[in-house]
Structure formats: structure tokens, C-alpha cells
Amino acid sequence: MERIRKATSADAEFIAKMVIMALHMEKEGEEGERLLRHITELVMDEGSLYHWSRAAVIDGIGACVAYDGADYHPRRVRSFSFVCSDGLPIMEDNTALLAQPDETQAGEYYIDSLAIMPEYRGKGYGRLFLQHAVKEGTAIGLVPYLLVDPANTGAVRLYSSLGFEGESTLFVFGTDFMKMKYTERETREDKHPDNA
């Protein structure tokens, strides 16, 4: 299986594509091309939530954006208020988004956006990225967290199998999401002799 690596600025467009996929924002044609250009600019912006330095990638397969939640609020405001080089805002109306509660905070390692290209789904890459993010977060003394739509039972099952437990409900982006916290416990994968 391919290895995860830290992203570089050369990965910005691929990360943007994965963020669009993770946030279910895909568009077709000219509108899709404009969205990709805009999100790529956001990924290149050092103060944004989605800056390339916060991502891990597997070339052509997927990406995961995860980070320390300590500076989430100012980065969220910057990201949702971002104006692209063509003079257009990243979002037409960001009022509701700016008013919603923060998804994460200091002490948390927030797994923000994870996406796998459709042809590689179901092959263990999502699990690999999550394990990588958990390792990264716990290595710097933070507790990994993520949000999931409770109706996405496959994702909830995956997250639970890796040690995430539902902690609370958070209403963001017009939906009630379950906030899941990583709890250190042995999973089946940890017990497998190949993972020692």
C-alpha cells in the first residue's frame, strides 16, 4: 500500500480537490473549474484552515487535513471571508457560517477534511489516513476529534473501530453532526501481530 507523506505547496490543487470532495461541494463544468481555482487559492493561503502544510497526502489517492484546534477561530473567519484573486469571495453569503459555533478548540487535534478518490475507496486508505492523524495528534499531546453525520453509518462504524466515541452533537453547516473523540484503547488492528 502507498505511503502517506506530508503535503507540499505542489499538492495544493490536489488538496483543494479533496477538500471539495470531503465537503460535498462538487460542481460541474465552468462552475466546478472556478470552485477548484478558488479552493486552491485558499489552500495556498497560510492563514486558512486548509493550508497545504496541514495536510497529508497519498499521491493521486487521497488527502487528509488535520491540525491543532488552538487557532481554529481566526483561521475559520479568514477562510470563510476569503476573497480570491479574481475579486470574488470564497462564499457568496458567509453570515450563517461565521455565526455558527467553532468545530474545535485548544487541546484538540481536529481531523477536518478526509477524502479518497472514488476508485480507491473501500481499500483501507481512509483507515490509514485516520490512523496517521491519530498518531500525529497524540504525538504532540492533543486529543484527536472529528465530526461525522450520524446518518453516515459506514463512517461512524469506521471511526468507532479506531477508538472514536461520540461525545456531543454540534449544529454546523445546517446539520446536526456527532462530535467524536479519540479514546486510547486497543482496537483489533492494534492487537494484530503485524502492527506491533
Practice prompt. Go through segment 1-24 and count every residue that is in contact (Cβ under 8 Å) with a residue 12 or more places away in the chain and in a helix (DSSP H, G or I).
Written response: 13
Worksheet item: What is the number of the single condition among (1) more than 21 Å from Thr8 (Cα to Cα); (2) open to solvent by 40 Å² or more (accessible area, probe 1.4 Å); (3) in contact (Cβ under 8 Å) with a residue 40 or more places away in the chain; (4) assigned to a strand (DSSP E or B) that Glu167 does not meet?
Response: (3)
Worksheet item: Out of Ala96, Ala106, which single residue is over 21 Å from Glu41 (Cβ atoms), open to solvent by 50 Å² or more (accessible area, probe 1.4 Å) and in a loop (DSSP other than H, G, I, E, B)?
Response: Ala106
Worksheet item: Is it true that Glu33 is out of contact with any Pro (no Cβ under 6 Å at 6 or more places or on another chain), assigned to a loop (DSSP other than H, G, I, E, B) and free of Cβ contacts under 8 Å to residues at least 24 places away in the same chain?
Response: no
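The values are calculated or read from the model by the stated rules, or taken from the named source; none is laboratory data. The model shown is predicted, which means the values in this text are computed figures rather than measured ones. All Cβ positions, even for glycine, are placed from backbone atoms using ideal geometry, and neighbour counts span all protein chains on display. Ligands, DNA and RNA are excluded from the accessible area calculation, which covers all protein heavy atoms including side chains. Shrake-Rupley method; radii C 1.70, N 1.55, O 1.52, S 1.80 Å.
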